[in-house]
Amino acid sequence: MARQVIVQVLCDVCESNEGATALEFAIGRSAFEIDLCGEHRAAFNAALSPFVSRGRSARSRAATMSPSSGPSQRRDPSETEAIRHWAKENGFAISTRGRIPGTIQEAYNARVSK
Ligand SMILES: [Zn+2]
């Protein structure tokens, strides 16, 4: 049976899919990723602009530290698909959208490295 799985990125704030893309940011030592629609991305940028415009550009510690298995790590979309597919085949409860839970990511990593 042929299957086509379509992943839709929805804004984490309003669940709109209009122009929603992932945005990574770091505050202090913590790195985050959030999916934002155009409107909320603009709101995010507007809220931060007074600080960003005065800040010095720097590589954050979070970005330079060795990547943990956390969701902040940038992942290739095709890999996300592969993980989702693998998780389903292996009986994990996983939604068709949103981030891959850390436990599933770890299980997938452990499986692939074997
Ligand atoms: Zn939104």
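The values are calculated or read from the model by the stated rules, or taken from the named source; none is laboratory data. Just so we're clear, the structure is a prediction, and the values are computed from it rather than from any experiment. As a convention, Cβ positions derive from the backbone with ideal geometry for all residues, glycine included, and neighbour counts pool all protein chains shown. SASA here: full protein model, heavy atoms, side chains in, ligands and nucleic acids out. Shrake-Rupley method; radii C 1.70, N 1.55, O 1.52, S 1.80 Å.
Give all pairs with beta carbons closer than 6 Å in which a residue from the stretch 9-20 that is without any contact (Cβ under 8 Å) to a residue 24 or more places away in the chain meets a residue that is in a loop (DSSP other than H, G, I, E, B) and more than 7 Å from the ligand (Cβ to nearest atom); count only pairs at least 6 apart in sequence or on separate chains.
From residues that are without any contact (Cβ under 8 Å) to a residue 24 or more places away in the chain, the pairs are Asn17/Gln8; Asn17/Leu10; Ala20/Val9; Ala20/Leu10.
List every residue pair whose Cβ atoms sit under 7 Å apart, with the two residues 6 or more apart in sequence or on different chains, where the first one lies in the stretch 33-53 and is within 14 Å of Ala22 (Cα to Cα) and outside the structural domain of Ile100 (by TED's automatic domain parsing) and the second, anywhere, is among the polar types (S, T, N, Q) and near the ligand (Cβ under 10 Å from one of its atoms).
Listed pairs, sorted by first residue: Cys37/Ser16.
Could you grab me the full set of residues in the stretch 73-99 that are in a loop (DSSP other than H, G, I, E, B), β-branched (Val, Ile, Thr) and at pLDDT 80 or above?
The one that is in a loop (DSSP other than H, G, I, E, B), β-branched (Val, Ile, Thr) and at pLDDT 80 or above: Ile94.
Tell me which of these Ala22 doesn't satisfy, since it passes every other one: (1) more than 18 Å from Glu81 (Cα to Cα); (2) surrounded by 14 or more Cβ atoms within 10 Å (Cβ to Cβ); (3) more than 9 Å from the ligand (Cβ to nearest atom).
Condition (1) is where Ala22 drops out.
Can you spot a residue in the stretch 10-18 that is among the small types (Gly, Ala, Ser) and either under 19 Å from Ser78 (Cα atoms) or touching an Asp or Glu at 6+ places or on another chain (Cβ under 7 Å) (or both)?
no
Taking the residues in the stretch 1-19 that are touching a helix residue (DSSP H, G or I) at 6+ places or on another chain (Cβ under 7 Å) and of a type outside the set (A, V, I, L, M) as candidates, determine which candidate is surrounded by the most Cβ atoms within 10 Å (Cβ to Cβ).
Cys11
Looking at this structure, is Val5 aliphatic (A, V, I, L, M), within 16 Å of the ligand (Cβ to nearest atom), in a loop (DSSP other than H, G, I, E, B) and modelled with pLDDT of 90 or more?
No, not satisfied.
Would you check which residues across the stretch 25-58 are open to solvent by 60 Å² or more (accessible area, probe 1.4 Å) and of a type in the set (D, E, K, R) and list them?
Arg29, Glu39, Arg41, Arg54, Arg56
Within the stretch 25-43, how many residues are under 20 Å from Arg97 (Cβ atoms) and either away from the ligand (no atom under 14 Å from the Cβ) or out of contact with any Cys (no Cβ under 8 Å at 6 or more places or on another chain) (or both)?
5
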